[in-house]
1. Give the range 24-43 a look and list any residue that's surrounded by 14 or more Cβ atoms within 10 Å (Cβ to Cβ) and hydrophobic (A, V, I, L, M, F, W, C), or say none.
2. Among Met226, Met240, Met194, Met206, which is more than 30 Å from Ile5 (Cβ to Cβ) and outside the structural domain of Lys264 (by TED's automatic domain parsing)?
3. Out of the residues in the range 226-273 that are more than 30 Å from Lys57 (Cβ to Cβ), modelled with pLDDT of 90 or more and of a type in the set (Val, Ile, Thr), which is surrounded by the most Cβ atoms within 10 Å (Cβ to Cβ)?
4. What's the number of the only condition in (1) in contact with a Phe, Trp or Tyr (Cβ under 9 Å, 6 or more places away or on another chain); (2) closer than 21 Å to Phe65 by Cα; (3) in contact (Cβ under 8 Å) with a residue 24 or more places away in the chain; (4) not acidic (Asp, Glu) that Thr209 fails to meet?
5. How do the helices (runs of 4 or more DSSP H) wholly within the range 10-84 filter down when requiring 1 or more residues that are in contact with a strand residue (DSSP E or B) (Cβ under 8 Å, 6 or more places away or on another chain) and within 21 Å of His126 (Cβ to Cβ): which remain?
6. Given the condition in contact (Cβ under 8 Å) with a residue 60 or more places away in the chain and in contact with a strand residue (DSSP E or B) (Cβ under 7 Å, 6 or more places away or on another chain), answer yes or no: does some residue in the range 188-202 qualify?
7. Does any residue of the range 233-241 turn out to be in contact (Cβ under 8 Å) with a residue 40 or more places away in the chain and either farther than 19 Å from Lys42 by Cα or within 22 Å of the chain's Cα centre (by Cα) (or both)?
8. Met223 is checked against (1) within 20 Å of the chain's Cα centre (by Cα); (2) at pLDDT 95 or above; (3) not basic (Lys, Arg) and fails just one. What number does that condition carry?
Amino acid sequence: MSEFIKVTEQASTYTHLEKMSIHELLQNINHEDKTVPDAVAKAIPQIEKLVAVISDKMLAGGRLFYIGAGTSGRLGIVDASECPPSFGVPYGLVIGIIAGGEKAITQAVEFAEDSTEKGWADLEKHFVSDKDVVVGLAASGTTPYVISALKQCHKRGIITGSISCNPNSPVSKAADYPVEVVVGPEFVTGSTRMKSGTAQKLVLNMISTSVMIQLGRVEDNKMVNMQLSNVKLVDRGVKMVMDGLSLTDYEKAKDLLLKHGSVKKAVDAATAS
């Protein structure tokens, strides 16, 4: 059996950080951050398998759940919350769950991640079923809240994935489609909100964006289904309509966009008329 090594807790390769100048601190942090994309690249085959199964399930009417604690949980909530405005999908199609509930989004909730029962209980509130996919997020790969939730999913035939930053971790063993992005020791020993958090964010971006493209929520390279929730997005949408219909009249394009509610609907309606 492969040995589990908690790389995320290993000592930083830098010492006496308090003696570094601000410039040295920033330069060294940046140097470490540059290694993260290479670590993510090595995990692409694992990410690809997870994206494929999520896409298949969602095309058949299922949902995507992210479940995590601390930084990992917050990153899942961020990714889930950005899918409706970016891709025009309904709230509740991609769901982020964090140990400790809403309070934990902005404040640490003591011992919430240590529960071996609450993770599944939180999933049950959303009537999770075998139509869905549940992805556990745990930089360390050892979070009881996440691992126990994935094990309960497995018992019920619910497909699971995981994203962690240690090789051969317990959360990987609990997941059907594990993703391991091993970024090495953190600049500040054990501070997994740094490289590990960056790695998880990059992978979440890859998963949700790729899945939404598979679901037909992007055309060419444009978010044609995005919600028109602010002036910036309306302006972006108008320019997309102008481009899609070869219009030079900004106001006409804007009228079409606001009338139909999305770039895709505006372009399709104008093309059909």
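The values are calculated or read from the model by the stated rules, or taken from the named source; none is laboratory data. Being a predicted model, the structure only gives us computed values, none of them experimental. With ideal geometry, Cβ positions are generated from the backbone for all residues, glycine too; neighbour counts draw on all protein chains shown.
1. Leu25, Ile29, Val36, Ala39, Val40, Ala43
2. Among Met226, Met240, Met194, Met206, only Met226 is more than 30 Å from Ile5 (Cβ to Cβ) and outside the structural domain of Lys264 (by TED's automatic domain parsing).
3. Val241
4. If we test Thr209 against (1) in contact with a Phe, Trp or Tyr (Cβ under 9 Å, 6 or more places away or on another chain); (2) closer than 21 Å to Phe65 by Cα; (3) in contact (Cβ under 8 Å) with a residue 24 or more places away in the chain; (4) not acidic (Asp, Glu), just (3) comes out false.
5. Because the criterion is at least 1 residues that are in contact with a strand residue (DSSP E or B) (Cβ under 8 Å, 6 or more places away or on another chain) and within 21 Å of His126 (Cβ to Cβ), the helices (runs of 4 or more DSSP H) in the range 10-84 that meet it are 44-59.
6. Checked the range 188-202: at least one residue is in contact (Cβ under 8 Å) with a residue 60 or more places away in the chain and in contact with a strand residue (DSSP E or B) (Cβ under 7 Å, 6 or more places away or on another chain).
7. yes
8. (2)
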